[in-house]
Amino acid sequence: MNTTTPPSKILLPVDGSAPSLAAVQHALRSFAGGGASFVLVNVQEAASLYEVVVTHDAERLAALKREAGADLLREAEALLAAAGDEIEIEVAGGVPEHLILELAENYGCDAIVMGATGQDHAADSASGVGPVARAVLEHSAIPVTIVRMASAAAEGAEDNAENTSAQESP
């Protein structure tokens, strides 16, 4: 008999995009209430030369990136907090596909749930998966769930149809 244990700690990379928030909602539907905890991560890319030249202050630039990352995590944090789940939060700076894997290991995560694309919405036309999600999927030592917007919208429509049917029943 093959029984699988549900993940106890799930990494949720969030960049504030609709696909990343759909991944948070998927994780809530799939794992909330089952004793899972969540690690919300936002990876800010390294400062551009322009940002460095204009800011002149590395500490100020780092603070601005942390604030931007925290702002992008707010909606996801609110969703998880409303569900009453345990949340850890980190804003990191660097190459997203590398740091997502590193942070999953550092936090001892059992799984990663992420959107198929991010803010740039760049995706391979055949797979619909962006370069960051593809790299994470290919190099992760733990299970990765990629959430596409179409499937998230379809699940929401099914949930709404079920709720509508339940409300219409006598």
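The values are calculated or read from the model by the stated rules, or taken from the named source; none is laboratory data. Everything quoted here is computed from the prediction, not taken from an experiment. So basically every Cβ, Gly included, is an ideal-geometry build from the backbone, and we count neighbours across all protein chains shown. For the accessible areas, the whole protein counts, side chains as well, though only heavy atoms, and no ligand, DNA or RNA atoms are used. Shrake-Rupley method; radii C 1.70, N 1.55, O 1.52, S 1.80 Å.
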I need the peptides 130-138, 35-43, 80-88 ranked by packing, meaning the mean over residues of other C-beta atoms within 10 angstrom, with the highest value on top. 35-43, 130-138, 80-88
Looks like the range 1-112, by Cα gyration tensor root eigenvalues a ≥ b ≥ c and the a/c under 1.5 rounded cutoff (else prolate when a/b is bigger than b/c, oblate otherwise), is prolate
Integer Hz, Karplus 6.51/-1.76/1.60 couplings in order for the range 12-19, x for Gly and Pro: 10, x, 10, 10, x, 6, 4, x
Once all protein chains are kept in place, Met114 shows an accessible area at probe 1.4 Å, nearest 10 Å², of 10
Figure the gain on full extension for Val95 and Glu67 (residue separation times 0.36 nm, minus the Cα-Cα span) and round it to one decimal in nm. 8.3 nm
